[in-house]
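Notes follow the structure.
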Amino acid sequence: MEPAVVSIITPSYNRADVVRETADSILSQSYPHWEWMIVDDGSTDDSWEVLTAIARTDDRIRLLRRERGPKGACTCRNIGVTESRGSHLLFLDTDDVLSPHCLEQRVAAAAARPDCDFVIFPMLMFRMRVDDMNLLWNVDSDTDDLERILCGDAICPGTGTLWRKDSFQRAGMWDESLLLWQDVELHLRSLLVGMTYAKRMDLPPDVYLRVSYVSISRTAFHSPEKIDSRIRVLNVTVDRIVARGLMERYRKGLRHMYGDIFFSAANGRQAVLTGRLMTLEAGWGLFTSAERRSFRAYAVMQLYRLYKFAALKRYLNARIRSFVPQLPSTIGRLPYKPA
């Protein structure tokens, strides 16, 4: 049997300052059967020149430019998938780093579970050096994985999985219209359409995720455009859950997801978006009439800055937050302790 070829898919935009470290981690892999697909998203720094120099060192590295819209990382990732030659996919950003054993470990785990469309792996976070935080991105839990994602406790980012390429294409690939929550939408969709997967949180972490406050996803997190993306993820997720008759099972998680987005819009005094959310929710029936009135009052308080009345603020905060369920997040909570 031919060895599995892993296509590492990387969107690139103005990260010439950090991409060499990412490249070094790929070139240091103990597993040799890979290709690195880098799709440039119209960089204005010297990323292309830096990447071209790196590509000259190894013919397994392939550079592409995004030549269609829309602009964005997900478009670049989908282009990379379409042009890739491997049987498996690993999505890696230009500021993250693979451990030397990453591909070897992931391919072996996928081979042990040929029934799975994708496998999830543990990862560590870092800032400047891969050992400067030593915090796990996430840990396993007995809570239903879909419920965890709805409640803001994502089981993994896009980098946390190794996909079979045919399965990823069958799942519908990345939603290129979204500016935020692309990996949240992908994983919710994958679980709801019945993709099979395994979690190997028992293995050593194999990717280092850079904690950066200048990342594209963090920039203007509460902007109207990014809140709109989150609303669209919620809307399509509710539709999928309703279509499968799972509303009662996941009502708690949907209430949490709704509350998270609503507070973001209301605190930013985005009246159009809070109005849209309230209209959508009225059709879903996530809350009681009294709860809806509290949401509406909270939005009005934020819009007209009535929070200067401390008693009103305390009252509404208590009314609102008491019925938005909170699950304890395991993201970044636990230091990694090797067995």
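The values are calculated or read from the model by the stated rules, or taken from the named source; none is laboratory data. Computed from a predicted model, the values in this text were never measured in an experiment. Backbone-built Cβ (ideal geometry, glycine too); neighbour counts: all protein chains shown.
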Extreme residue, farthest from GLN182 (Cα to Cα), among residues of region 66-76 that are assigned to a helix (DSSP H, G or I) and in contact with a helix residue (DSSP H, G or I) (Cβ under 8 Å, 6 or more places away or on another chain): ALA73
From the options ARG189, ARG170, ARG230, residue that is in contact with a Phe, Trp or Tyr (Cβ under 9 Å, 6 or more places away or on another chain) and part of a helix (DSSP H, G or I): ARG230
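Per-residue answers, yes or no, for (1) modelled with pLDDT of 90 or more; (2) out of contact with any Leu (no Cβ under 8 Å at 6 or more places or on another chain); (3) crowded, with 19+ Cβ neighbours inside 10 Å; (4) of a type outside the set (A, V, I, L, M, F, W, C):
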{"position": "ARG127", "(1), (2), (3), (4)": "yes, yes, no, yes"}
{"position": "LEU136", "(1), (2), (3), (4)": "yes, no, yes, no"}
{"position": "CYS151", "(1), (2), (3), (4)": "yes, no, yes, no"}
{"position": "GLY158", "(1), (2), (3), (4)": "yes, no, yes, yes"}
{"position": "TRP163", "(1), (2), (3), (4)": "yes, no, yes, no"}
{"position": "PHE168", "(1), (2), (3), (4)": "yes, no, yes, no"}
{"position": "GLY172", "(1), (2), (3), (4)": "yes, yes, no, yes"}
Every residue from region 246-266 that is more than 22 Å from the chain's Cα centre (by Cα) and crowded, with 17+ Cβ neighbours inside 10 Å: ALA266
Selected residue (criterion: nearest to THR237 (Cα to Cα)) from residues of region 151-167 that are of a type outside the set (Val, Ile, Thr) and assigned to a helix (DSSP H, G or I): GLY158
Residue in region 1-32 that is surrounded by the most Cβ atoms within 10 Å (Cβ to Cβ), counting only those that are part of a loop (DSSP other than H, G, I, E, B) and under 22 Å from the mean Cα position of the chain (by Cα): ARG15
Residue ID - surrounded by the fewest Cβ atoms within 10 Å (Cβ to Cβ), chosen from residues in region 220-245 that are in contact with a Leu (Cβ under 8 Å, 6 or more places away or on another chain) and under 18 Å from PHE287 (Cα atoms): ASN235
Matching residues, region 100-140, being part of a loop (DSSP other than H, G, I, E, B), of a type in the set (S, T, N, Q) and more than 20 Å from the chain's Cα centre (by Cα): ASN134
Residue within region 33-43 that is farther than 17 Å from GLY80 by Cβ and polar (S, T, N, Q) present: no
Residues of region 96-125 that turn out to be charged (D, E, K, R) and in contact with a Leu (Cβ under 8 Å, 6 or more places away or on another chain), as a count: 2
